[in-house]
Amino acid sequence: MKKYVPTLLIALSFVTAAASAMYAESPATEPSVVDVKNTKCIVAKDDVGDSKLTVTYNGKIYHLCCDDCKGKFNADPETYVKALEKDPASYGVKTN
Ligand SMILES: [Zn+2]
């Protein structure tokens, strides 16, 4: 009987590790969208002001000043996102 104990302990620790791994993964699978909160239009660099226009791209919300800019953004999103990420401050993004 005694020789079964180590096997049981190994099996038990394996189950515990698997369970904790599953628990750790669960928050990461939830979709999360981050608001970039740029106060200058990502396309025109004009003040966003009261505009409620936004685009969501790669899990991030970017603010726009007008519909024209939304069309331009959707035509070439990578270009505008890269420009913002290169110099967030000029888009009114607070980077801490
Ligand atoms: Zn605009």
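Readers should treat all values here as calculations from the given coordinates under stated rules, not as data from a laboratory. Computed from a prediction, not measured in an experiment: that's the story for all the values here. Using ideal geometry, Cβ is built from the backbone for each residue, glycine included, and neighbour counts are taken over all protein chains shown.
What the table shows:
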{"quantity": "Search result, residues across the stretch 27-56 that are more than 16 Å from the ligand (Cβ to nearest atom) and either farther than 19 Å from THR95 by Cα or without any contact (Cβ under 8 Å) to a residue 40 or more places away in the chain (or both)", "calculated": "PRO27, ALA28, THR29, GLU30, PRO31, SER32, VAL33, VAL34, ASP35, THR56"}
{"quantity": "In the stretch 78-90, the residues that are within 13 Å of the ligand (Cβ to nearest atom) and more than 18 Å from the chain's Cα centre (by Cα)", "calculated": "none"}
{"quantity": "Restricting the stretch 60-77 to residues that are in contact with a Leu (Cβ under 8 Å, 6 or more places away or on another chain) and not aromatic (Phe, Trp, Tyr), the residue that is farthest from the ligand (Cβ to nearest atom)", "calculated": "HIS63"}
